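The values are calculated or read from the model by the stated rules, or taken from the named source; none is laboratory data. Please read these numbers as outputs of a predicted model, since none were measured by experiment. For neighbour counting, all protein chains shown are included, and Cβ atoms are generated from backbone atoms with ideal geometry for every residue, glycine included. When the accessible area is computed, the model is the full protein with side chains, heavy atoms only, and any ligands, DNA or RNA have been set aside. Shrake-Rupley method; radii C 1.70, N 1.55, O 1.52, S 1.80 Å.
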Amino acid sequence: MTSSAQPLYLRRVAFTVERFLDAIPVIDTAQRTQIENVMVNWLTTQRPGSAYAVYNQAGMFLYLGGRLHSSYPVARGRSDLSAWTDGKKIASIDSQAYQASGVIQKLGTAGLYLPPAPAGGILGSLLNGLGRGSARGRRRNNNNNNNNNNNNNNNG
């Protein structure tokens, strides 16, 4: 799957990667922007379900089909935390099991700081497919306009 063919998929992966880096947490710097770009490009250009990223001991590890593809250091991330993402989900993992044998034992989101997802605003609309350019967004606008017109006709 390529990111250019699926813009909604690209937005969702970018949002998940953003939350993943917030959960670690990685401070918003030029390095973080570079990490986000690498991760989003990596996860969206691989077959869904085959690629994932692991953060462990201040390092980011990108995997494809269970094999390490690349790794790089992450400055200012928490060294006591291990986390996993495939671009759709985020989980904390057992760092001892990962360090000992590379086994990924997902522990859910315990210990991760995950800010609430946006309910509204531009990002919320984009993620929920309700942007002004979407069919659902236009339909909702038309219904609101019709209701306003009906109310005006009945009241005046």
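Phi angles of the range 30-45 translate, via the Karplus equation with coefficients 6.51, -1.76, 1.60 and θ = phi - 60°, into HN-Hα couplings of 4, 5, 4, 4, 5, 4, 4, 4, 4, 5, 5, 4, 4, 5, 8, 9 Hz per residue; Gly and Pro are given as x.
Could you put GLU18, GLU36 in order of accessible surface area, largest first, with the 1.4 Å probe and the full protein assembly present?
Numbers: GLU18 65, GLU36 40 Å².
In descending accessible area the options line up as GLU18, GLU36.
So what is the accessible area of the range 1-83 per residue, in Å², with the probe set to 1.4 Å?
In whole numbers, the range 1-83 has 51 Å² accessible per residue.
Placing pseudo-labels 7 Å out from each Cα toward the beta carbon at ALA75 and LYS106 gives an inter-label distance of 3.3 nm.
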